[in-house]
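Heads up: the structure comes next, in structure tokens.
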Amino acid sequence: MTAPVAPEIADLEEQEHRLTLQRFTHDDAWALGTLLVELAREREAPVAIDIRRGGQQLFRAALPGSTPDNDAWIDRKRRVVERYGCSSLLVGSRFRAKGTTFEESSRLDPDTYAAHGGAFPIAVTGAGVIGTVVVSGLPQVEDHKMVVEALEKFLST
């Protein structure tokens with residue numbers, strides 16, 4: 001079985017534009033986090049989930065099969081979103097499109113930053129990026145897709 005192929009850069013950029021929220025409250029974080037837990041349970045996905053607004057953690061869950069390594073990946077991927085203002089998968093894809101890798105060319109410590117899929121910006125109209133939602137435990141493209149699917153469902157409710 002081959003790993004899923006990452007979406008094109010234009011598609012990743014479109015996702016971020018389309019998944020901009022009108023607001024993001026503590027209750028919204030709970031609703032989005034609960035949605036992610038439901039998706040993960042349906043798929044028996046061994047993931048950890050983290051949602052933050054600014055420096056405050058609003059939601060955290062670790063499902064069966066997740067490990068402390070997932071917590072470390074969450075932190076590293078989240079820092080990429082906080083630094084670049086876009087999804088960790090998009091950041092990594094942009095480096096690869098230039099014929100290099102994030103690890104080779106970003107000049108950032110790979111023990112602190114990881115441009116692997118699964119961290120997505122929480123952007124609010126008129127405010128920009130105000131937080132992050134992160135999934136870790138699956139291959140990076142699947143982590144990313146789970147976050148996107150949850151945000152799409154969240155916006156449709």
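For the reader, a short list of remarks on this structure follows.
- Qualifying residue in the stretch 113-134 (condition: touching a Phe, Trp or Tyr at 6+ places or on another chain (Cβ under 6 Å) and free of Cβ contacts under 8 Å to residues at least 40 places away in the same chain): yes
- Just one of the numbered conditions (1) crowded, with 24+ Cβ neighbours inside 10 Å; (2) part of a helix (DSSP H, G or I) is not true of residue 132: (2).
- Close pairs (8 angstrom Cβ cut-off, 6 or more residues apart or separate chains): over 16 Å from residue 15 (Cα atoms) in the stretch 87-102, open to solvent by less than 10 Å² (accessible area, probe 1.4 Å) and part of a loop (DSSP other than H, G, I, E, B) anywhere: 95/115; 102/114; 102/115
- The stretch 71-86, subset hydrophobic (A, V, I, L, M, F, W, C) and closer than 18 Å to residue 142 by Cβ, residue surrounded by the fewest Cβ atoms within 10 Å (Cβ to Cβ): 73
- Residue count for the stretch 54-70, restricted to those that are part of a loop (DSSP other than H, G, I, E, B) and open to solvent by 40 Å² or more (accessible area, probe 1.4 Å): 5.
- Residue 89 meets each of the listed conditions (1) farther than 20 Å from residue 24 by Cα; (2) surrounded by fewer than 16 Cβ atoms within 10 Å (Cβ to Cβ) apart from (2).
- Each residue in the stretch 71-113 was checked for being more than 18 Å from the chain's Cα centre (by Cα), part of a loop (DSSP other than H, G, I, E, B) and closer than 20 Å to residue 7 by Cα, and 4 pass.
- Any hit, the stretch 27-43, residues being in contact with a strand residue (DSSP E or B) (Cβ under 9 Å, 6 or more places away or on another chain) and in a loop (DSSP other than H, G, I, E, B): no
- The set of residues in the stretch 114-128 being open to solvent by 20 Å² or more (accessible area, probe 1.4 Å), of a type outside the set (Ser, Thr, Tyr) and not in a strand (DSSP E or B) consists of 116, 126, 127.
- Whichever residue in the stretch 1-53 is closer than 20 Å to residue 76 by Cβ, open to solvent by 30 Å² or more (accessible area, probe 1.4 Å) and over 15 Å from the mean Cα position of the chain (by Cα) and, among such residues, is modelled with the lowest pLDDT: 3
The values are calculated or read from the model by the stated rules, or taken from the named source; none is laboratory data. Because the structure is predicted, anything quoted here is derived from the model rather than measured. No Cβ is skipped: glycine too gets one built from the backbone with ideal geometry, and neighbour counts run over all protein chains shown. Note: accessible area is taken over every heavy atom of the protein model, side chains too, but ligands, DNA and RNA are not part of it. Shrake-Rupley method; radii C 1.70, N 1.55, O 1.52, S 1.80 Å.
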